[in-house]
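Notes to accompany the following structure.
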């Protein structure tokens, strides 16, 4: 069964994002920050329904991940893709529905990460399904393979084709032209913000080398840089403390294909220092329990051969 979710959406959030050109991801935040969204599997569609009096589906995206983050880190990861032009404006939107929050408080919010977002022109808005109660506060899950639910997906799919929405083919998943009207799973390419957040969660929010858990110091490092055509995929990422990230990117450190940390002799040669980092030489790094999220040997080999200075 392919599911979809119709989420009640902040009207200003939606209006702001619909005006952003070529946006590849959005953070659909939830102000409470008390529980994670679990209604969808990665790749299933999440649709935007405006608040009253606009009872229409006006766009959507494809679910990638759900997490809870301090609002400051959500802003660092997604910037304007949070649906606001500044952190202050984002907090003002959140605090409409979280009135007890202090303006300077770095409170936690729910984050639903959506890829390949799309927005319809007002003339193409879709009336909500007949069983969507106007009393629903957050949203409702639908089975997109039957009845009114299938009709909803067909209406969405029709509009996506009309606006020439680009889907990314990943691991053999068919292009939408090959499955027009059929509710099939779409596996979206991650944006930069989603890459950062999902790598952080995949590594259980601790540095793969030092086990540091202070979240603001942790960074998702690309093994093969994006500037070198490295993808925003979790198996091309490692969560590192910021100083280790800089060493890794500069070639003063690497990770072997059997997941051991190595340090270049050039730290000593160039800086007459580095004893702290040499203490980690040969240490086996912590990797995600999910094998599909573990560092790819292909990318690790590329880093060893092209970046690491030996």
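Could you check the spin-label model distance between residue 243 and residue 145? Points 7 Å from the Cα along Cα→Cβ, value in nm.
5.3
Roughly how tilted is helix 297-306, in degrees to the nearest 10 and between 0 and 90, from the longest Cα axis of the chain?
Approximately 50 degrees, to the nearest 10.
In the Gaussian network model of the chain, springs joining C-alpha atoms below 10 Å, which of 131, 106, 243 carries the largest mean-square fluctuation?
Checking each option, the largest mean-square fluctuation is seen for 131.
What is the spin-label model distance, in nm, from residue 87 to residue 276 if the labels are put 7 Å beyond Cα along the C-beta direction?
2.4
Measure nothing fancy, just the Cα-based angle from helix 192-202's long axis to the longest principal axis of the chain, in degrees from 0 to 90, nearest 10.
Roughly 70 degrees between the two axes.
Using per-residue counts of other Cβ atoms within 10 Å, averaged over each peptide, order 22-32, 144-154 from highest down.
So the order, starting with the most tightly packed, is 22-32, 144-154.
7 Å from Cα along Cα→Cβ at both residue 292 and residue 155: what's the point-to-point distance in nm?
So the label points at residue 292 and residue 155 sit 3.2 nm apart.
What is the helix-to-structure angle for 147-162, meaning the angle in degrees between its Cα long axis and the longest Cα principal axis of the chain, kept from 0 to 90 and rounded to the nearest 10?
70
Quick one, which of (i) 1.04; (ii) 1.63; (iii) 1.10 is the actual Cα Rg over 2.2 N^0.38 Å calculated for this model?
Read-out from the structure maps to (iii).
When a footprinting reagent is the concern and you count Cβ atoms within 10 Å, what order do 141, 200 take, fewest first?
So the residues, fewest neighbours to most, are 141, 200.
Using the number of other C-beta atoms within 10 angstrom as an exposure proxy, rank 95, 115, 275 with the fewest first. Let's see the in-between values first.
Working: 95 17, 115 24, 275 8.
Least crowded to most crowded, the residues run 275, 95, 115.
Please report the antiparallel percentage of DSSP beta bridges with both residues in the range 1-121, rounded to the nearest 5.
Values: 21 of 26 bridges.
Percentage antiparallel, nearest 5: 80.
Order by neighbour count: 252, 107, fewest other Cβ atoms within 10 Å first, most last.
Values: 252 22, 107 17.
Ordered by Cβ neighbours within 10 Å, fewest first: 107, 252.
Just so you know, all these numbers are worked out from the coordinates, no wet-lab data involved. This one's a predicted model, so the numbers in the text were calculated from it and none came from an experiment. All Cβ positions, even for glycine, are placed from backbone atoms using ideal geometry, and neighbour counts span all protein chains on display.
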